[in-house]
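Undergrad: Got a structure here, written out as structure tokens. Questions coming.
The values are calculated or read from the model by the stated rules, or taken from the named source; none is laboratory data. Since this is a predicted model, take the numbers as computed values, not measurements. Virtual Cβ from ideal backbone geometry, glycine too; neighbours counted across all protein chains shown.
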Amino acid sequence: MHSVDTFRDLQREATEWRRYLHENPELDYRVHNTAKFVTEKLASFGINRIETGIAETGIVALIQGEGGEGPTIGLRADMDALPILEASGKPWSSKITGNMHACGHDGHTAMLLGAAKYLANTRNFKGSVALIFQPAEEGALGGLRMVQEGIMDRFSISQVFGMHNSPGMEVGNFGICDGPIMAALDDFDIIVKGKGGHAASPHRTIDPVVIAAQIILGLQTLVSRNTNPLEALVISVTKFNAAQAYNVIPDHVEMAGTVRTLVPDLRDFAERQILAAAHGIARAFGADVEFKYRRHDPVTFNHTEGTNLAIKAAGNLVGAASVDDKFKPRMGSEDFAYMLEARPGAFIFLGNGSTANLHNPAYDFNDEALPYGIGYWVNLVETTLAA
Ligand code: NI
């Protein structure tokens, strides 16, 4: 097992890759230049099985160990950026106005490339490693599409692992937990249909604004009074559109919001009871509702065996005291969840130091974290596929 010092030389090279990627951010499935850069690097490391064009611009590359027969494990990095105008002030700021690597996927890609170079040179493991570079993590389901296009079966992947940087966590620290680590993401639309009229004569209307306001409060009661306080449910109403005038009661109000949960029961409960509460409250005042509920990313669920391997790999790199193995789940979501539905494995957080938060215009991936991410991947491979 290696300490982080093994990866200091690679850090210098990975820093150049990371800053190049940062300067050239691309969105969703349109990560063409990024995918080309990754493919060329992988080929230059002497990796000969590289499949491109999976889920449009995704890549899977296979490195065979020299330790004999064994299973294949998947390591995944995301490659896409966000439509944010960068304000980090860094010399390597985005050259594409309006696009920005504000979630650190440039760092994730550079770390997996660094690990690829090391593993292709040493091959000190049995079986194989599948390097998964996915497009479109930010809300466009690139991970799901790679699974649907059959990567798990085609490359005989038996376990799969993911990693994300975490601002606010010290560089050289890791965070992970067994079970749910990130939330399921759903959203909903509610249209409250009343009867419009003059705002001076409310008794001649069915005012959908007042009814919608009661529905918003009612939804918060689902969280505070109907959900076990030790379980997590987030319901946030985030859109509210009514009339555009001071003296008009509109005939309908449109609202929308998001739901985050960590367990399937609560997800079902939220879908069922948001409708019941909205419908019941509207009916009580003579209005009606239209309701739409959409399920997106599932819970990112860490499996016990994969979690233990990840804890061991990180612990061997930085010492057990720097690995928080009782990490509190985050209520954000992650489309790596689809890969963990297809195969067992684990997702881990890596400290990014005291940088701006993810998706903030001032954010930048911390290059000091690169050797830790590279080292984690290498240790994970050499632990899981010990020759
Ligand atoms: Ni991200």
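Undergrad: Could you list, ordered by first residue, the pairs with Cβ atoms under 8 Å in which the first is in the stretch 180-197 and under 30 Å from Leu340 (Cα atoms) and outside the structural domain of Met339 (by TED's automatic domain parsing) and the second is part of a strand (DSSP E or B) and acidic (Asp, Glu), at least 6 apart or interchain?
TA: Between residues of the stretch 180-197 that are under 30 Å from Leu340 (Cα atoms) and outside the structural domain of Met339 (by TED's automatic domain parsing) and residues that are part of a strand (DSSP E or B) and acidic (Asp, Glu), the close pairs are Asp189/Glu254; Asp189/Glu290.
Undergrad: Can I ask one more? Answer yes or no: is there a residue in the stretch 10-26 that is closer than 30 Å to Gly319 by Cα, within 16 Å of the ligand (Cβ to nearest atom), of a type in the set (S, T, N, Q) and in a helix (DSSP H, G or I).
TA: No, the stretch 10-26 has no match at all.
Undergrad: Pro135: within 16 Å of the ligand (Cβ to nearest atom), in contact with a Phe, Trp or Tyr (Cβ under 7 Å, 6 or more places away or on another chain) and touching a residue at least 12 places away in the same chain (Cβ under 8 Å), yes or no?
TA: Criteria met by Pro135.
Undergrad: Check Ala356 against each of (1) part of a strand (DSSP E or B); (2) within 16 Å of the ligand (Cβ to nearest atom) and name the one condition it does not meet.
TA: Only one criterion in (1) part of a strand (DSSP E or B); (2) within 16 Å of the ligand (Cβ to nearest atom) is unmet by Ala356, namely (1).
Undergrad: For Ala212, work out the one condition from (1) surrounded by fewer than 14 Cβ atoms within 10 Å (Cβ to Cβ); (2) part of a helix (DSSP H, G or I) it doesn't fulfil.
TA: (1)
Undergrad: Of everything in the stretch 94-121 that's surrounded by fewer than 16 Cβ atoms within 10 Å (Cβ to Cβ) and in contact (Cβ under 8 Å) with a residue 24 or more places away in the chain, which residue is nearest to the ligand (Cβ to nearest atom)?
TA: Ile96
Undergrad: Among the listed residues Ser201, Ser166, identify the single one that is more than 17 Å from Gly257 (Cα to Cα), of a type in the set (Ser, Thr, Tyr) and in contact (Cβ under 8 Å) with a residue 12 or more places away in the chain.
TA: Ser166
Undergrad: Which numbered condition in (1) more than 15 Å from the chain's Cα centre (by Cα); (2) surrounded by 19 or more Cβ atoms within 10 Å (Cβ to Cβ); (3) within 15 Å of the ligand (Cβ to nearest atom) is the only one that Leu185 fails?
TA: Checking Leu185 against (1) more than 15 Å from the chain's Cα centre (by Cα); (2) surrounded by 19 or more Cβ atoms within 10 Å (Cβ to Cβ); (3) within 15 Å of the ligand (Cβ to nearest atom), the one that fails is (1).
Undergrad: With a cut-off of at least 1 residues that are over 30 Å from Pro71 (Cβ atoms) and free of Cβ contacts under 8 Å to residues at least 24 places away in the same chain, name the helices (runs of 4 or more DSSP H) lying wholly within the stretch 252-345.
TA: Qualifying helices (runs of 4 or more DSSP H): 264-284.
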